[in-house]
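The values are calculated or read from the model by the stated rules, or taken from the named source; none is laboratory data. Since we're looking at a predicted model, the values are computed, not measured. In this analysis, Cβ positions are derived from the backbone assuming ideal geometry, glycine residues included, and neighbour counts consider all displayed protein chains.
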Amino acid sequence: MELEILQDLKNYFGDDYEEEQESTLLFCIKRSIKSFKNKRNYPSAYPQIMIEKDMDKYYSCLLDLSLYWAIKQGYEFQGSHSENSTNRSWESESEIYSLHNVIPIARIL
């Protein structure tokens with residue numbers, strides 16, 4: 001899945017993509033996957049194949065999370081940024097999960 005997301009990010013960035021960005025993008029993808037798994041809170045008894053199927057179902061969320069972290073490089077922990085008449089503000093990671101209807105997996109105790 002990581003390589004598929006990486007290729008989609010390269011395609012998204014197009015001419016703005018430079019080869020030396022690959023390690024940073026892979027870091028952002030890894031961070032997104034870990035965050036997603038924490039959000040879903042998979043039960044320990046969940047087989048890896050089910051986790052992979054679930055993550056594939058939410059591929060667009062994982063892509064958006066990876067893009068979110070890639071674009072925020074150098075601006076982590078800022079809610080907004082202004083410089084030379086350029087203003088940026090970011091959605092929160094939680095809003096990306098809400099947009100894709102990602103909720104934790106419920107467990108019966």
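Worth pointing out:
- Any helices (runs of 4 or more DSSP H) falling wholly within region 1-105 and containing at least 1 residues that are modelled with pLDDT of 95 or more and surrounded by 11 or more Cβ atoms within 10 Å (Cβ to Cβ): 2-13, 22-40, 48-57, 59-71
- Subset tally (residues that are within 15 Å of Ile5 (Cβ to Cβ) and either among the small types (Gly, Ala, Ser) or over 13 Å from the mean Cα position of the chain (by Cα) (or both)) for region 57-94: 4
- In region 66-84, the residues that are more than 18 Å from Ile96 (Cβ to Cβ) reach residues that are of a type outside the set (S, T, N, Q) and at pLDDT below 85 with C-beta atoms within less than 9 angstrom, at least six apart or across chains, in these pairs: His81/Tyr75; His81/Arg88; His81/Trp90; Ser82/Arg88.
- Residues in region 4-41 that are of a type in the set (Ser, Thr, Tyr) and under 11 Å from the mean Cα position of the chain (by Cα) were compared, and the one that is nearest to Ile103 (Cα to Cα) is Ser35.
- Asn41 being touching a Lys or Arg at 6+ places or on another chain (Cβ under 9 Å) and at positive phi: yes
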